[in-house]
Amino acid sequence: MNKIKLSAIVLGFAAAGAFAQAPAAAPAAAPAEQAAAPADSVKAAEEAKKAEEAKAAEEAKKAEEAKAAEEAKKAEEAKAAEEAKKAEEAKAAEEAKKAEEAKAAEEAKAEDSKPAENTNPGEVANAAGNAFSMLKASMSEGTSAANMEVKFSGEVEFDAYTGDLINEDDVNHNYWTTFDFNIDVKFNEKWSAHVGVEADGPVEAPGIGYNGAFVQYKPADFFAVKFGDLTFTEGAFKAYYGYDDPTYNAAGMVEHDIRGLQIELAGLELGIGFGRNANDVSCDVLGACANGKVYNAHLAYEFDYAGQHLRPFFDYKSYQTEEHNELHAGIDAGINIGGFGFRAVYGFHADFLGDDEDVVPNTDLTSVAHTILAEPTFDVAMFQIKTSFFFAFIGENDANEIEGQNISTFNRLAGNDFEIPEYMFIYAEPALKVGGFMKFGIPVEFHTNTLDTDVDDTKTIDVGGRLYLTPVEHLDITLLGMVDIPVGDNDNDVGLRFGAETVFSF
């Protein structure tokens, strides 16, 4: 009995100890489970973020591909539209060509003639037939006010110069003023017209007057016909600034104005008509002058290829007084290679051709002169040089024996023809260009200042400076100062003069 109770007591203590240890083990496992739970949440969030980014990238890629596809579609549509437009234009051009050919064939059939083939415009004879066919075909072409074009252009020059500031007691001055205003009218692709007004003279305010008008028909680059007021000039001085106006001076021929007809055909120029302006003065040997008798014919051929030009010319002028006619002929040639250029002019001048002492008994009035002009130039980078050499071989005649008057080619009784300014001059001007808008030149010149080769008391050497300014396109300002040094038998004192020239065009 006691053994049983003791066993029961032992068992009771054992059960109580086990019961006491069980609650203490459970709290030890809870922190591990709590630590594992946050780690799983972070991993899941990271995976969710990656999935979201992958999805966004996929959508962006699809959007980019869709945009590229849309642009490719638009480009394809634009290309198709362009090709359709070109096809339509080609079709229209082909139809217009066929219509033009049909029209030309019909006109040729009506005229019972075969139309000329399109030939090399450098061949004058073949080009003539081609030009005539085009002239016939275009006579029925119309125009309209909507298709007409009117353009205005012009040039203005106003200059001022001092006299000799050393030898003159007072400061004297003189002017030169020029105003050209031109109106060009384009009726259609072949027909056009021109009219101009001009004021020009050594005064401050020259009178403005009519400067000619003409109508032009030009169906091709190598063929043109003009009729109206025309002007011809040959062999002008281009390098030397002092004689660069062909209205007054030229090595070949000063301006001859006519009212008549001019034909340009593959480089050939032919003009004929009645003289006008200063080209329409006819004087007898005693100085009696009249207008309305002069007629003038002009012929020249222009060859211009790859920087080379060649222009022979011939001009005949009749005053319709006994044995009084005038002839100019010569050649103007030049070449340009890089920055180097060379131009040369030969001129033949003759007056009273065919006179055999018919006008004045025992007096031969025929006068002849030969002129030579050379103009080498060099222009590279900032450096430029212009040069001129001119000489006139003037023949002798008996004109000076008639009441002390000179009626040679260079000094008419009318007193208005001095195309050759002196029998010789030499000019050179090196210049330096600065900044694209300014140039400074140093002209050095030798002048005989006379047509009489026996005179030695008029020669000078002129040295000075010229400042060229171009502050804006189409506007040129020149400032100059020159020292005139007498040479030879010239016993004048050294002179000093200044000037300013302003030119603008529009």
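The values are calculated or read from the model by the stated rules, or taken from the named source; none is laboratory data. Just so it is clear, the model here is predicted, and its values are computed rather than measured. Cβ coordinates were reconstructed from backbone atoms using ideal geometry, including for glycine residues, and neighbour counts include every protein chain displayed. To get the accessible areas, we keep the full protein, side chains included, count just its heavy atoms, and leave off ligands, DNA and RNA. Shrake-Rupley method; radii C 1.70, N 1.55, O 1.52, S 1.80 Å.
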- Query: Out of ALA350, ALA414, which single residue is modelled with pLDDT of 75 or more and small (Gly, Ala, Ser)?
  - Reply: ALA350
- Do any strands (runs of 3 or more DSSP E) entirely within segment 278-361 hold 1 or more residues that are among the aliphatic types (A, V, I, L, M), crowded, with 18+ Cβ neighbours inside 10 Å and within 38 Å of the chain's Cα centre (by Cα), and if so, which? 281-283, 295-301, 324-337, 340-351
- From the residues in segment 434-465 that are modelled with pLDDT of 95 or more and among the small types (Gly, Ala, Ser), which one is least open to solvent (accessible area, probe 1.4 Å)? GLY441
- Across segment 221-245, the tally of residues that are modelled with pLDDT of 95 or more, closer than 22 Å to LEU268 by Cβ and either more than 19 Å from the chain's Cα centre (by Cα) or surrounded by fewer than 20 Cβ atoms within 10 Å (Cβ to Cβ) (or both) stands at 13
- Here the qualifying pairs (Cβ atoms under 8 Å; residues six or more apart or on different chains; first in segment 469-493 and within 23 Å of THR162 (Cα to Cα); second of a type in the set (Ser, Thr, Tyr) and in a loop (DSSP other than H, G, I, E, B)) come out as ASN490/THR458
- Query: Considering segment 466-495 alone, what residues qualify as being open to solvent by less than 50 Å² (accessible area, probe 1.4 Å) and over 33 Å from the mean Cα position of the chain (by Cα)?
  - Reply: ASP484, PRO486, VAL487, ASN490, GLY495
- Query: All but one of (1) open to solvent by 10 Å² or more (accessible area, probe 1.4 Å); (2) farther than 27 Å from GLU264 by Cα; (3) in contact with a Leu (Cβ under 9 Å, 6 or more places away or on another chain) hold for PRO376; which doesn't?
  - Reply: (3)
- Task: Select from segment 246-262 the residues that are open to solvent by 50 Å² or more (accessible area, probe 1.4 Å) and farther than 20 Å from ILE331 by Cα and list them in ascending order.
- Result: ARG259, LEU261
- Quick one: in segment 160-214, of everything that is in contact with a Lys or Arg (Cβ under 7 Å, 6 or more places away or on another chain), open to solvent by 40 Å² or more (accessible area, probe 1.4 Å) and more than 28 Å from TYR243 (Cβ to Cβ), which residue is modelled with the lowest pLDDT? LYS190
- Query: Could you list, in sequence order, the residues of segment 160-189 that are under 24 Å from VAL503 (Cβ atoms) and under 24 Å from the mean Cα position of the chain (by Cα)?
  - Reply: THR177, THR178, PHE179, ASP180, PHE181, ASN182, ILE183, ASP184
- Note on the structure: Only one of ALA431, ALA369 is touching a strand residue (DSSP E or B) at 6+ places or on another chain (Cβ under 9 Å), modelled with pLDDT under 95, of a type outside the set (Asp, Glu) and open to solvent by less than 20 Å² (accessible area, probe 1.4 Å), namely ALA369
